[in-house]
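> Would you mind keeping the following structure in view while I ask a few things?
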Amino acid sequence: MLPEAKDFSAADMRVGLSAEFERELTEADVLAFAANSGDANPLHVDAAYAATTAYGARIVHGAFQVGLASALIGMHLPGRQVLLANVSARFPAPLRFPCRVRVRGEVTTWHPDTRAGQLKVTVVECSQQVPTAEIVLGFTFHEAGDTRPVATRATRTVTSSRPVVLVTGAAGGLGSDLVESLSGEYDVLAMTRANALPERLAALSGVAQLRCDLRDASDSRAALTAALDGRPLYGIVHAAWPGAPIGGLLQAQDDVIESQILFGATTTVRLARLLFEAAGTQGGRMVAISSVVASHKPVITLSAYSLGKAALEGAVKLLAPELARRNVTINAISPAFIPTGMNQHKSEQQRKIEASRVPLGRLCEPQDVASLVSYLLSPTASFVSGQIIGLSGGQL
């Protein structure tokens, strides 16, 4: 069943937005596409011929699957205010018909200054849960006016005597959990960009929302300085990340790879500089959220994401001896699959499959991460620095 058509504006856009629909593909659909496009290749339209090939039966045109992706981007995400700019596609498995498919798209890059981005679409054959197409669609908006987000400063400053901790990606699934967990002990500056902090967190007395663009070094520095208002910064928890694009490196667009490496290396270094400069005499703590699929177990279908997280882990190791001059420690936490954030839309079957791979017999939960973050921020962890700490549940 198709979702209702939507009209996201440029102001609504953010990395991680997703939409999906399912539909049946019949022989009539494929033959109609062949007639309208002029592509009557016998592998698609001649059952007798297709039976003699390695595929054993007729398969859906790759271009038909691109058309399904076009329907998603043009009618549902971002919707009718979008113009398709470019297409890159690969087809890892044949799609035989009749069949039912799920078409899912996620915004993997978004540039407010140019009002352009990319949507990564995956077509999955439902009965076997086999991905048959991976399609990257570049898009721009044809709506009028300048809808670029304006950076705003903290909704209020923090004025108690408790240590101040900055959490990036505070509006995300894991980021929100970390803000809530840390707010009991610290004054938390919850950094967000496109999305506002959930109301339940914004209402907490120890939490101040800080809206700015982390990718803009001068903007984020100015916003943090204003929010601190002369107070030292004790810690940074770097949880922000620009999504997890699917696919290998050879098929990935340059800006997708650059965005992942930016958050892994450059942004981590920038945040470390801020902490180095703003830490008080007691020193400070920085904790970066990595992933088990970084250096430990990279995944080829998440190559750009694995590369970016590996860059983060490398930055953590190299920064540790430099930060030590100000008694600042830095470590990374590498959790396994967590059923929140970019994984919140995973099916129950996928979650069970992931849990079956964990010797402890359950998935890593946000509280597992929050507990380790709390330890690494504490005085007890004052000699722990430059470490990549796995939360794998016993996985090798």
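> Filter region 286-303 down to residues that are hydroxyl-bearing (Ser, Thr, Tyr) and under 30 Å from Phe91 (Cβ atoms) and give me whichever is surrounded by the fewest Cβ atoms within 10 Å (Cβ to Cβ).
Among those residues, the one meeting the criterion is Thr301.
> Quick check: is even one residue across region 304-315 more than 21 Å from the chain's Cα centre (by Cα), crowded, with 22+ Cβ neighbours inside 10 Å and at negative phi?
Looking through region 304-315, none of the residues is more than 21 Å from the chain's Cα centre (by Cα), crowded, with 22+ Cβ neighbours inside 10 Å and at negative phi.
> Please determine whether any residue of region 223-238 is in contact with an Asp or Glu (Cβ under 7 Å, 6 or more places away or on another chain) and crowded, with 18+ Cβ neighbours inside 10 Å.
no
> Please enumerate the residues belonging to region 228-262 that are under 21 Å from Pro163 (Cβ atoms) and part of a helix (DSSP H, G or I).
The one that is under 21 Å from Pro163 (Cβ atoms) and part of a helix (DSSP H, G or I): Leu228.
> Only residues in region 308-332 that are over 17 Å from Ile236 (Cβ atoms) count as the first member; pair them with residues that are charged (D, E, K, R), Cβ under 8 angstrom, at least 6 apart or cross-chain, and list the lot.
Cβ pairs passing all conditions: none.
> Oh, and also: Please go through region 6-57 and give me each residue that is under 30 Å from Ala170 (Cβ atoms) and not acidic (Asp, Glu), ordered by number.
Matches in region 6-57: Lys6, Phe8, Ser9, Ala10, Ala11, Met13, Arg14, Val15, Gly16, Leu17, Ser18, Ala19.
> Would you be able to tell me the number of residues in region 346-371 that are closer than 23 Å to Arg104 by Cβ and either in contact with a Ser or Thr (Cβ under 6 Å, 6 or more places away or on another chain) or of a type in the set (Val, Ile, Thr) (or both)?
Adding up the residues that qualify gives 1.
Residue by residue, here is whether (1) of a type outside the set (A, V, I, L, M, F, W, C); (2) surrounded by 20 or more Cβ atoms within 10 Å (Cβ to Cβ); (3) not in a loop (DSSP other than H, G, I, E, B) holds:
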residue	(1), (2), (3)
Ala170	no, yes, no
Leu174	no, yes, yes
Gly184	yes, no, no
Leu197	no, yes, no
Asp213	yes, no, no
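> Might you let me know whether region 39-54 holds any residue that is touching a residue at least 40 places away in the same chain (Cβ under 8 Å) and not in a loop (DSSP other than H, G, I, E, B)? First the steps, then the outcome.
Looking only at region 39-54, we keep the residues that are touching a residue at least 40 places away in the same chain (Cβ under 8 Å), and these are none.
Within region 39-54, not a single residue is touching a residue at least 40 places away in the same chain (Cβ under 8 Å) and not in a loop (DSSP other than H, G, I, E, B).
> If I filter region 298-321 for residues that are assigned to a loop (DSSP other than H, G, I, E, B), of a type in the set (Ser, Thr, Tyr) and over 22 Å from Asp177 (Cα atoms), do I get at least one hit?
Yes: one or more hits.
> If you go through region 263-297 one residue at a time, how many are over 19 Å from Ile246 (Cβ atoms) and assigned to a helix (DSSP H, G or I)?
Here the count works out to 14.
> So which residues in region 360-386 are buried (at least 17 other Cβ atoms within 10 Å of the Cβ) and either touching a strand residue (DSSP E or B) at 6+ places or on another chain (Cβ under 8 Å) or assigned to a helix (DSSP H, G or I) (or both)? Spell out how you get there, then give the answer.
The first filter runs over region 360-386 and keeps only residues buried (at least 17 other Cβ atoms within 10 Å of the Cβ), leaving 363-364, 366, 368-370, 372-374, 376-377, 381, 385.
Passing the criteria: Cys364, Pro366, Asp368, Val369, Ala370, Leu372, Val373, Ser374, Leu376, Leu377, Ala381, Ser385.
> Ok, one more. When only residues in region 230-243 that are of a type outside the set (A, V, I, L, M) and under 19 Å from Thr192 (Cβ atoms) count, which is modelled with the lowest pLDDT? Spell out the reasoning first.
Here is the first cut: in region 230-243, the ones of a type outside the set (A, V, I, L, M) are 230-232, 234-235, 238, 241-243.
Applying the additional criterion that residues be under 19 Å from Thr192 (Cβ atoms) yields 235, 238, 241-243.
On the way: Gly235: 97, His238: 96, Trp241: 91, Pro242: 86, Gly243: 83.
Ranking the qualifying residues of region 230-243, first place goes to Gly243.
> Could you identify the single residue in Leu363, Leu376 that is under 23 Å from Glu180 (Cβ atoms), assigned by TED's automatic domain parsing to the domain that holds Ala336, touching a residue at least 40 places away in the same chain (Cβ under 8 Å) and in contact with a Lys or Arg (Cβ under 8 Å, 6 or more places away or on another chain)? Break it down into steps so the answer makes sense when it comes.
On the way: Leu363 fails: touching a residue at least 40 places away in the same chain (Cβ under 8 Å).
Just a single option satisfies the conditions, and that option is Leu376.
The values are calculated or read from the model by the stated rules, or taken from the named source; none is laboratory data. Only a predicted model underlies this, so the values are computations on that prediction, with no experimental measurement involved. Every residue, glycine as well, gets a Cβ built from its backbone with ideal geometry; the counts of neighbours run over all protein chains shown.
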